[in-house]
Amino acid sequence: MSIRNEDSRGQRALTLIVAIASAVLLAPAGEAGDWTSWRGPSYTGVSEETGLIDRWSPEGENLVWKADFIGRSTPVVIDGRVCVIGRTGVDPETKINRQEIVACYDAGDGKKLWEHKYNVYMTTVPFNRVGWASLVADPETGNVYAHGVAGQFTAYAPDGTIVWSRFLTEEFGRLSGYGGRTQTALIDGDQAIINFVSVGWGELMPLRHRFFSFDKKTGDLLWVSTPGQMAADFNTQGGPVVATVNGRRLLISGNADGWIYALDIATGEKIWGFHLSKRGINVTVVFENDTVFVSHSEENVDTGVMGRMVAIDATGSGDVTKTHEKWRIEEFGGGFPSPAVKDGVVYHVDNSANLHAIDAASGEIKWVYNIGTVGKASPVIADGKIYVPETNGRFHILKLKEDGVEPLDHDELTIANGDYAEFYGSVATAYGRIYFATEGGVYCLGDKSKPFKVERSEPAKKAGKPGPATTLQVVPWEVQLELGQSADFRVRLLDADGNVLSEKPATWSLDGLAGSVEDGAFKSGGEGFQAGKIVAKVGGLTGYARARVYPPLPWSFDFEEFDTGGFPKQWIGANRIYLAGEKDGAKVLVKAPRGRGLNRTFLYMGPSWLNNYTIEADIFGEGTKRRRPDIGLINSGYILDLAGAKNHLEVRSWTAELRMAKQVPFEFEPNTWYRMKLKVVSNADKATVYGKVWKKSDPEPEDWTITADDPHPIPGGTPGLLGYSPVNLYYDNVTVYPN
């Protein structure tokens, strides 16, 4: 490496620790209490807890409790609860029960308080990567927020009740690849912010890595920010942190385009960007003293070597790549763990599980200590010690010294069959105890002789006098409605410091939508499919919200009305992929081979609330002996796929796991028009999926070609298309109608 220097519950007492600070609704650094974010309440990987254990044993020493759970991320601890996300249904004999799970336990004795299981679908993420992103907790409400690998984004009340839930895949075109990397959400003020790569509609149509801010209490969308350019990776896991720079509250995060961005956290406005890597960023940055510390292990933008760690002066604006780098360490292969920073030293693990202590001011490497072979987990600094896991089930407790570390404890965790328990998350510290989740369970470590006491870090309130309004946001920023339905919008006014001001009367209008809007109440009207804006003005400020309006079923699309290259503007995933064209003298929808990018993609036609309906389409696939397509339909989260290369027809919901899948032989003939039909009948107890394919020139057969039952029904979802197109695919006469 080279360094370049650039310029028992009933007896517990609840202690409330009231923080007084000028920051917004966050438990500040320097206070012990809840652990609400995976890198701690200060986002630095540092805890102010004291009296933490120096050693323990999986056989019982200082092991307060252990819960049966399979996790791979960091717990959150809030109001005496430890909450985790993971996977369930590992028994290969009952594969149909494989699901994602969120559970909360009593922090004192490990008693399970509640759990929620939900389906994983419309994704290629494999089972062993389910539960990737850590949960985040809200200090104000006690709510816990989960971002599932398939794009479910859900807010849970302290008692486990679902407050709200959004399916980001169908609503916003969230993309997830086989790698499974999933971003952890962030809570700040009234916002729940999540980021992911997406292909939406309208101005959100291009493939980009975006930040979505939701009202943490209602789930209404507040704003969307697209700071970068074409995403280099679909799979990124780097989460955002919050920092105050020059009095301005910023969200700072890596992006799938290889840049680090700082955004105004109230509006999503881009403040600055730093180009770090040719690939996506997977490391969550750490911030201290107006400096951002971050690394990657991919190809650098300005040299042919791999990996780099940098310190970025966070006080700039615009493109700060060449102007605000303070120092760098070349060939630093830290692509996954996130650093911790304390007292002027950055502690960072590289991909080979070497723990580095780095001088925050100069970038000098003070010492290096090896903790194993695979570095994916991140260190936590607490009570003069470093608690640091390694992926292969190793867990180290190290005492910090002036010139290095002293090993205090080293344990190797296993699962029932004796294999190591994968350990990807960090520890969480709270109430004088240490909590973590592995493939082998949820652990609570502490001194059993000490009384257990819940300490709560109260959120601080913003200080200072609000200024004049500078930004107008229309909330919710995006909705979907059935024709004739109504939606209420409100104006959210902000000053330059991001303070939310009192609402004021607005002047409302519509752009591209039929119907009426008065005092923020929009009633959809007209006919057919619509996509447009609801516009509000207050004084000299203007803002808008977006809406898609759908007529009630039945729908039909024959593509005759579209110019070549066009597509229905309310669709998600069609841009540059599913385009109107010609076949046999008629207008059809064409999916051609892609010169760059994936040939296997989804297209979503409508809202996620639809259920108990049927979708049909004419389909045609070119092909040779070696190049054969897959062509399919989507209905309520289930897929009917005619696999040309395998010569079978398949029903599935989760492509990577085939949880409830069935296949039947079906001899695919290239260059032949078929009619495909997919029907889903569902209730609270079961969904039955019916599929049928026949040559278009033949009469429709009475019997279904394939049928599959799902005892864990998906409640509903958009109709859509899918295709794997190493050759041209064609779709026509698409119809969707109630059962």
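The values are calculated or read from the model by the stated rules, or taken from the named source; none is laboratory data. Given the structure is predicted, the values throughout are model-derived calculations rather than measurements. Quick reminder, even Gly has a Cβ in these numbers, built from the backbone with ideal geometry, and neighbours come from all protein chains shown.
Couple of notes before you dig in:
- Segment 502-518, residues that are at pLDDT 95 or above, of a type outside the set (G, A, S) and under 34 Å from the mean Cα position of the chain (by Cα): W508, L510, D511, L513, V517
- Complete set of residues in segment 727-739 that are of a type outside the set (A, V, I, L, M, F, W, C) and either assigned to a strand (DSSP E or B) or at pLDDT below 95 (or both): Y730, Y731, D732, N733, T735, Y737, P738
- For segment 264-274, the count of residues that are touching a Gly at 6+ places or on another chain (Cβ under 9 Å), more than 28 Å from R490 (Cα to Cα) and not in a strand (DSSP E or B) is zero.
- Residue ranges of strands (runs of 3 or more DSSP E) in segment 415-492 with at least 3 members over 30 Å from K504 (Cα atoms) and modelled with pLDDT under 95: 454-457
- Single unsatisfied condition, D709 versus (1) assigned to a loop (DSSP other than H, G, I, E, B); (2) loosely packed, with under 15 Cβ neighbours inside 10 Å; (3) not hydroxyl-bearing (S, T, Y): (1)
- Within segment 686-726, the set of residues being within 32 Å of the chain's Cα centre (by Cα), over 23 Å from R166 (Cα atoms) and not polar (S, T, N, Q) comprises V689, Y690, G691, A708, D709, G723, Y724, P726.
- Every pair of residues 6+ apart whose Cβ atoms lie under 7 Å, when the first sits in segment 158-172 and is closer than 11 Å to P607 by Cα while the second is aromatic (F, W, Y) and not in a loop (DSSP other than H, G, I, E, B): E170/Y604; F172/F212
- Taken residue by residue, segment 576-589 has no member that is in the same structural domain as S725 (by TED's automatic domain parsing), outside any loop (DSSP other than H, G, I, E, B), over 23 Å from K696 (Cβ atoms) and modelled with pLDDT of 95 or more.
Here's the yes/no breakdown for (1) of a type outside the set (K, R); (2) assigned to a loop (DSSP other than H, G, I, E, B):
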{"site": "V651", "(1), (2)": "yes, no"}
{"site": "F668", "(1), (2)": "yes, yes"}
{"site": "K679", "(1), (2)": "no, no"}
{"site": "V693", "(1), (2)": "yes, no"}
{"site": "E700", "(1), (2)": "yes, yes"}
{"site": "W704", "(1), (2)": "yes, yes"}
{"site": "G717", "(1), (2)": "yes, yes"}
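- Residues within segment 292-313 that are within 17 Å of L250 (Cβ to Cβ) and either surrounded by 22 or more Cβ atoms within 10 Å (Cβ to Cβ) or in contact with a Gly (Cβ under 6 Å, 6 or more places away or on another chain) (or both), tallied: 5
- Scanning segment 388-412 for residues that are buried (at least 17 other Cβ atoms within 10 Å of the Cβ), in contact with an Asp or Glu (Cβ under 9 Å, 6 or more places away or on another chain) and more than 19 Å from L63 (Cβ to Cβ) yields a total of 4.
- E412 vs. criteria under 22 Å from Y261 (Cα atoms) and in the same structural domain as N246 (by TED's automatic domain parsing): no
- Count - residues of segment 333-370 that are within 31 Å of the chain's Cα centre (by Cα), charged (D, E, K, R) and not in a strand (DSSP E or B): 1
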